[in-house]
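The values are calculated or read from the model by the stated rules, or taken from the named source; none is laboratory data. Computed from a prediction, not measured in an experiment: that's the story for all the values here. Cβ coordinates were reconstructed from backbone atoms using ideal geometry, including for glycine residues, and neighbour counts include every protein chain displayed. SASA here: full protein model, heavy atoms, side chains in, ligands and nucleic acids out. Shrake-Rupley method; radii C 1.70, N 1.55, O 1.52, S 1.80 Å.
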Amino acid sequence: MTFDPPRQVDVPDVPPVSPVPDAPSVEQLLVVLAERDQLIAELTERVKELEARLSKNSQNSSKPPSSDAFVKPPPRSLRRASGRKPGKQSGGQGFRLEPRPEPDEVIVHVPEACGSCGGDLGQASVVGEQTRQVFDLPPIRLAAVEHRAQRRACSCGTVTTASFPSEATAPACYGPGVAALGAYLLGRQHLPVERAAEAMADCFGAPVSTGWLASLLPSAADKLEAFLVAGRAQLAAAEVAHFDETGGRVGAKLRWIHVACTDSLTMYHLASGRGKDSMDIGGVLPDFTGIAVHDGLASYRKYDVTHALCAAHHLRELAGIAEATGQDWPTGLADLLVELHVAVQAAKVQGKSALPARKLTAYRRRYDTLVGQGQQQNPPPPRTGKRGRPALGPAGALLRRLEVYADDVLRFATDFRVPFDNNQAERDVRMVKLQQKISGGWRSRSGADAFLAVRSYLSTARKQNQGALDVLRVLFNGNAWVPAGAGA
């Protein structure tokens, strides 16, 4: 028996075995778990913040109705039930189209044949008649008035030419009435230039060019210096004035439109921001010494005036916090503000100028108690070691404002000159959103300034019972209408 020699087998190199790492210590595990818990808490808080932001709308926050986009919240009024049925109340004055005692034209309709036997009624006696008046527009067409300036030769040899009226600026031109109508469509009804030109051609037989229309607002604004100076001075002297601001696009950039107003005056101006420097441009707040009603923007606090905060803003914010937290204090505080408002209105109807001191003290005690309850349920977040104060959140920020500026929040109850809300300014500034929806933003700063100047003119005129077309016509004749006096 023979044996084969042993074969040589190549054995691969085996890498050295690394030592098994030591297990983490308990301290290290606790640090990792603490970091995980902190991350989870931060993510949870961020999710809550995003959910709260998504749930905000114009009815539970200070967001404008235009921000509700395509998802409109169900209608909800901040008013309390009055017990009255909807619609016209019994005994209230009604309104309807009334016939004129002296009509412009009378057309008599004569029956030709008897409705029973068919007999001829041409010679029949008239035993009565019924009347109906139809109010309609007459055919509208431009009236062309030709002005002829005669040239006359004097015995001295000089030839003198008569002067043309101010509206006759060219051999053929549109008069102040057409210019007033065009400016009205652009500045009051917010129509784009092309649609305004179409409306003037279709409805009034005035086929104007878009270039001429586009020049109307800048031309009108150039004539408004006297009005603007008088309006700002009267607003600065008002006892109570409203202030607000909203964003608008000018040349594809965000700008801010500021409004200062009363129930008889309106002044708009454009600025790059919402700080004090931007507010100073309007020329009202730097000289204002009365009561400024606003929504609580910090920039207003830089003026040495008496402040009054809009209660409607607080009602909306309280409603949003009640929905988000389920806490009771926001609803209680909202009910208190409404109850105070009702008491003030009732006192005004009775001819009183103030609420009884004891009643005011009781209301203030309830107010402070509810704010205290809210602060207990929403304590400020702990310090993180970073510079600055941690964010208070919606509830904490509102509670701080209600505590620090309690006198301004309740100003409407302690001074009957002050309204419950800032609706006057919000109504006046809402036209900016209408302009953006209908015509878009402004292409240039000069165009925006011209629009706001003309809009200030038209809004003030309307508040003082002046016809828009009337004041625009006199403006294009070179005589701007100026308000007679201030009104708070």
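Taken about its Cα centre, the stretch 251-317 carries a charge dipole of about 300 debye when Lys and Arg each add +1 at the Cβ and Asp and Glu each add -1 at the Cβ.
Of the trypsin sites (Lys or Arg not before Pro) found in the stretch 108-164, those that fall in a DSSP loop while having at most 12 other beta-carbon atoms within 10 Å are R132, R141, R148.
Surface listing: S166, S278, S219 arranged by accessible area from highest to lowest gives S166, S219, S278, probe 1.4 Å. For N479 and D222, a Förster radius of 22 Å and the Cβ-Cβ distance give a FRET efficiency of 0.95, rounded to the nearest 0.05.
Which pairs in the list K302/K352; K88/K433; K253/K437 are over 28 Å apart, alpha-carbon to alpha-carbon? Intermediate values should be presented prior to the final figure.
Values: K302/K352 33 Å; K88/K433 31 Å; K253/K437 16 Å.
As for pairs spanning more than 28 Å Cα to Cα, those are K302/K352; K88/K433.
The mean sequence distance of close C-alpha pairs (under 8 Å, at least 6 residues apart), as a share of the length of the stretch 343-488, puts its relative contact order at 15 percent.
Where both bridge residues fall in the chain, DSSP classifies roughly 70% of the beta bridges as antiparallel.
Quick one: net charge around Y300, please, counting Lys, Arg +1 and Asp, Glu -1 for every other residue with C-beta under 14 Å from its C-beta. Around Y300, the charge tally is -1.
Report the full-extension gain for the segment T331 to D263: residue separation times 0.36 nm, less the Cα-Cα distance, to one decimal in nm.
On the way: separation 68, 0.36 × 68 = 24.48 nm, distance 3.11 nm.
Taking T331 through D263 to full extension adds about 21.4 nm, to one decimal.
Neighbours of E426, meaning other residues whose beta-carbon lies under 10 angstrom from its beta-carbon, give a summed charge of -2 when Lys and Arg score +1 and Asp and Glu score -1.
With loop membership from DSSP and a limit of 12 other Cβ atoms within 10 Å, the longest segment of the chain without GluC sites (Glu not before Pro) is 147-488.
Report, to the nearest 10°, how far helix 329-349 tilts away from the longest principal axis of the Cα atoms in the chain, using its own Cα long axis and a range of 0 to 90°. Taking Cα atoms only, the helix is inclined about 20 degrees.
A simple spin-label model places pseudo-atoms 7 Å from Cα toward Cβ; at V110 and V32 they are separated by 11.2 nm.
Compute the length gained on full extension between Q466 and T414: take 0.36 nm times their separation in residues and subtract their Cα-Cα distance, giving the result in nm to one decimal.
Numbers: separation 52, 0.36 × 52 = 18.72 nm, distance 3.42 nm.
Length difference between fully extended and current span is 15.3 nm.
Placing +1 on each Lys and Arg Cβ and -1 on each Asp and Glu Cβ, with no other charges, gives the chain a dipole about its Cα centre of roughly 1140 debye. Here are some values of log10 I(q)/I(0) by the Debye sum over Cα atoms at q = 0.06, 0.12 Å⁻¹: (i) -0.49, -1.23; (ii) -0.28, -1.17; (iii) -0.33, -1.10. Which one was computed from this structure? Working out log10 I(q)/I(0) by the Debye sum over Cα atoms at q = 0.06, 0.12 Å⁻¹ from the coordinates points to (i).
If you take all other residues with their beta carbon under 12 Å from the beta carbon of S444, and give Lys and Arg +1 and Asp and Glu -1, the sum is +4. Relative to the longest principal axis of the Cα atoms of the chain, the long axis of helix 393-404 makes an angle of roughly 70 degrees. Using C-alpha pairs under 8 Å with a sequence gap of at least 6, the mean separation divided by the residue count of the chain gives a relative contact order of 20 percent.
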